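Comments concern the structure below.
Each reported figure results from applying straightforward, stated rules to the coordinates on display, with no laboratory input. Everything quoted here is computed from the prediction, not taken from an experiment. So basically every Cβ, Gly included, is an ideal-geometry build from the backbone, and we count neighbours across all protein chains shown.
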Amino acid sequence: MKTAFAAASLAAFLAAPALTSTANAEPAAYEFDKTHTAIRASWVHLGYSEQSIYFTDYDGVLMLDFEEPQNSAVDVTFNLAAGFWVGANQERFEGHLNSSDLFDTEQFPTARFVATSFDTEDGETGTMTGDLTLLGQTQPVTLNVVLNQRSPHPFSGNEVAGLSATATINRSDWGMDYAVPAVSDAIELSIETELALVVEPSEDAE
């Protein structure tokens, strides 16, 4: 499911004070490196196996404050229609995902995650809680977040924060109860992301 999903990525707020520079003394804009971001939802299918889908069409506001995480703002919208990947030659399954049994994308084409609080004690691990709106219903979601690394990128030289985030939600909380419990109600969310600091072009650049 789409929850934060991402989010996650969303968790760059976790950067430790020790990693903070004066340049990051207030919220700064970051953006997803979508070539290095994977947002996955997994479930148990009839007890036989764990299956997954990946969400591919998303964007939003990532204003992150590494000194005062509570000042950060994360607001991510997911475009669900044609916005997920389940593997090659899966048109039938994709059609079912879009149907009223599941995401009902004709009536609810988007999902949205808005962070409401951030918590970290060591600057490297913590939680991000927010409101996930899906199928017209809003429920809280808490992501467990790990800051893997925050440093200048070895190729571009621009700051990048790499994060991992996980959460477990029950899809029925949003009214998506098709085939429960044969197909698990519990959905495991996993986000692996790299967030790049938005750098304004130099005035001297042509």
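Structure above, values below:
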quantity: Simple spin-label estimate for residue 149 and residue 82 in nanometres, 7 Å along Cα-Cβ; calculated: 3.6 nm
quantity: Simple label model, 7 Å out from Cα along Cβ direction - residue 173 to residue 127, nm; calculated: 1.1 nm
quantity: Relative contact order, percent, the chain [alpha-carbon distance under 8 Å, six or more residues apart]; calculated: 29 percent
quantity: Residues 63, 176, sorted so that the one with the fewest Cβ neighbours within 10 Å comes first; calculated: 63, 176
quantity: Selection from 201, 105, 141 lying farthest towards where the dipole of the chain points positive, charges on Cβ; calculated: 105
quantity: Whole-angstrom gap from segment 103-153 to segment 35-61, using each part's C-alpha centre; calculated: 14 Å
quantity: Listed residues 61, 84, 117: farthest to the positive end of the dipole of the chain (Cβ charges); calculated: 84
quantity: Computed label-point distance, nm, for sites residue 106 and residue 26 using a 7 Å Cα→Cβ extension; calculated: 4.9 nm
quantity: Dipole magnitude (debye, nearest 20) for segment 11-197, charges at Cβ of Lys, Arg, Asp, Glu; calculated: 340 debye
quantity: For 40, 92, order by how many other beta-carbon atoms lie within 10 Å, fewest first; calculated: 92, 40
quantity: Most mobile of 139, 90, 149 in a GNM of the chain (Cα contacts under 10 Å); calculated: 90
quantity: Å³ per residue enclosed by the Cα convex hull of the chain; calculated: 142 Å³
quantity: For the chain, calculated [θ]222 nm from helices alone, where every DSSP H run of n ≥ 4 adds -39500 (n - 2.57); calculated: -1000 deg cm²/dmol
quantity: Net charge, residue 198 excluded, C-beta distance under 12 Å - Lys, Arg +1, Asp, Glu -1; calculated: -4
